[in-house]
Amino acid sequence: MNRFKFNEAVISLGAGYSFRTKVEAVPDGDLAVIQMRDLTDEYSRVGESVDFIIGEDIHPKYLLEKGDILFLAKGVNNVALVYEGLFERAIASSTFFVIRPNTEVVTSAYLAWYLNSGEAQKHFLENRVGTSTQNVNRATLESIEIKVPERKLQEDISKLSFLSLREYLLVNEINERRKTLMSYQILKILENYD
């Protein structure tokens, strides 16, 4: 297993686009804006209901590419997820760092998994900055060392992580449906006693 400094495992690290005001969605927008509220499934993916803006004034350096990693830097949930290219043109808001992995060194899915691992999360927790709203700054992110196994093991770890999350989400959905069904059945029983 190799160890890489963060900057050796990535091609680029940049902040998401900073809007001067609240994002104002427009019906005929051509550029998706990914914000923290758009994350779903335990912050593991971008949902389909995002705001769109007219993107003519946005510098191309902010455009996301499939395989980029969105790292939620602000707040208490400092998680990483892979942008799967859901939208033809998209940017991330400034609540994210956008990480472009060096795919000759590390896969996107593995790097996102590693940044979400207990070891990395402990590093982020211990090095957060800010008083009222804590966040992970660029220096903290860049200071992490990444353990990188061979490509096949990276892929296996990523698949296992995906399946584990999928199981967790399905179990939660089953429990919610069971709770709803139980509540419905109890109400039916009570109706029979009127």
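Checking 148, 129, 136 one by one, the residue that is in contact with a strand residue (DSSP E or B) (Cβ under 7 Å, 6 or more places away or on another chain), among the hydrophobic types (A, V, I, L, M, F, W, C) and in contact (Cβ under 8 Å) with a residue 12 or more places away in the chain is 148 and no other. Residues in region 27-49 that are in a loop (DSSP other than H, G, I, E, B) and either closer than 21 Å to residue 113 by Cβ or touching a residue at least 40 places away in the same chain (Cβ under 8 Å) (or both): 7 in all. Out of 52, 71, 4, one residue alone is farther than 26 Å from residue 140 by Cβ, at pLDDT 90 or above and part of a strand (DSSP E or B). It is 52. Considering only residues in region 15-26 that are part of a loop (DSSP other than H, G, I, E, B) and among the hydroxyl-bearing types (Ser, Thr, Tyr), the one that is nearest to residue 172 (Cα to Cα) turns out to be 18.
Looking only at region 51-83, count how many residues are of a type in the set (Val, Ile, Thr) and over 19 Å from residue 22 (Cβ atoms).
Residues meeting the conditions: 4.
Suppose we filter 91, 146 for residues that are over 17 Å from residue 39 (Cα atoms), buried (at least 20 other Cβ atoms within 10 Å of the Cβ), more than 13 Å from the chain's Cα centre (by Cα) and of a type outside the set (Ser, Thr, Tyr); which single one remains? The unique qualifying residue is 146. Take residue 65 and decide whether it is in a loop (DSSP other than H, G, I, E, B) and closer than 19 Å to residue 13 by Cα. Answer is yes for this residue. The residue that is farthest from residue 68 (Cα to Cα), among those in region 15-29 that are modelled with pLDDT of 90 or more and touching a Phe, Trp or Tyr at 6+ places or on another chain (Cβ under 7 Å), is 29.
The values are calculated or read from the model by the stated rules, or taken from the named source; none is laboratory data. None of these values were measured; they are calculated from a predicted model. Reconstructed Cβ throughout: ideal geometry from the backbone, glycine too, with neighbour counts over all protein chains shown.
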